[in-house]
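Heads up: the structure comes next, in structure tokens.
The values are calculated or read from the model by the stated rules, or taken from the named source; none is laboratory data. If you're wondering where the values come from, they're calculated on a predicted model, not measured in any experiment. Note that we place each Cβ from the backbone using ideal geometry, even for glycine, and neighbour counts take in every protein chain shown.
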Amino acid sequence: MPPVRLNVRMIDAIDASATDEALVSAIRENRSEAAFALLYDRHTPRGFQTAWRIVGGNPHEAEDVVQEAWLRAVSSLERWRGTETGSVRGTGQSDFGAWFRGITAHVAIDVVRKQGRLELDADADAVCEQSSVEWLDMEAAILSLAPGYRAVLVLHDIEGFTHEEIGARLGITAGTSKGQLFKARRAVRARLAPGLERKAL
């Protein structure tokens with residue numbers, strides 16, 4: 001995955017070890033470009049991974065998603081209430097990162113939905129038929145999933161959202177989310193099985 005970096009003119013000095021909460025405060029109070037650059041550099045790589053997985057591995061779409069997510073995040077910074085003393089879902093990460101990835105996931109889901117690729121019914125095939133590669137790594141196995149299954153798997157297993165949160169984002173029930181996750185995991189295991197057997201030899 002290519003790195004994404006924003007060109008920001010550094011006009012003020014901010015300590016690179018500053019917390020996300022301090023950076024957000026500097027942006028809110030002083031419109032600090034340096035604080036935004038640090039926040040951007042700190043959280044864009046994970047945001048890009050989230051977008052890249054949900055849109056199906058297209059780096060150009062993922063970059064567009066991340067840029068749109070930052071626009072939305074900056075316009076709603078007043079609503080973010082950070083707590084640097086705690087972590088999110090036991091990950092040890094600041095809640096700003098989780099908040100930003102949530103926005104990123106929402107934008108990515110909107111992109112996939114607008115393209116008519118987000119199928120969330122029980123009869124959809126779990127795996128896209130686009131790849132003929134015999135051995136796939138985990139990332140490729142995730143990307144090979146149908147968009148609806150991939151979205152649920154990424155949101156639950158990678159980003160840590162609950163089925164209730166996923167249901168609210170995708171407009172489905174928590175039960176449907178659980179069913180989609182079960183099928184997505186089964187499809188990933190099936191895709192990885194030939195390679196795992198080959199490695200065991």
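Could we say that VAL74 is within 28 Å of ALA174 (Cα to Cα) and either modelled with pLDDT of 90 or more or not acidic (Asp, Glu) (or both) here?
So VAL74 does not fit the description; no.
What pairs come up if the first residue lies in the range 179-201 and is over 12 Å from MET138 (Cβ atoms) and outside the structural domain of SER144 (by TED's automatic domain parsing), the second is of a type outside the set (A, V, I, L, M) and at pLDDT below 50, and their beta carbons are under 7 Å apart, counting only those six or more places apart or on different chains?
The qualifying pairs do not exist here.
Consider only pairs whose beta carbons are under 6 Å apart and that are at least six residues apart or on different chains; among these, list those whose first residue lies in the range 50-73 and is without any contact (Cβ under 8 Å) to a residue 40 or more places away in the chain and whose second residue is hydrophobic (A, V, I, L, M, F, W, C).
Going by the 6 Å Cβ cut-off, the qualifying pairs are GLU68/VAL107; ALA69/ILE103; ALA69/VAL107; ARG72/ILE103; ALA73/PHE100; ALA73/ILE103.
Just give me the residues in the range 156-176 being among the hydrophobic types (A, V, I, L, M, F, W, C) and in a loop (DSSP other than H, G, I, E, B), in sequence order.
Matches in the range 156-176: PHE161, ILE172.
Condition first: touching a Lys or Arg at 6+ places or on another chain (Cβ under 7 Å) and farther than 18 Å from GLY56 by Cα. Can you find one or more residues in the range 165-176 that meet it?
no
Within the range 50-72, how many residues are in contact with a helix residue (DSSP H, G or I) (Cβ under 7 Å, 6 or more places away or on another chain), at negative phi and not in a helix (DSSP H, G or I)?
Looking only at that region, the number is 1.
Checking the conditions here, which among ALA62, ALA105, ALA37, ALA98 is within 19 Å of ASP157 (Cα to Cα), surrounded by 15 or more Cβ atoms within 10 Å (Cβ to Cβ) and at pLDDT 90 or above?
After ruling out the rest, the residue left standing is ALA105.
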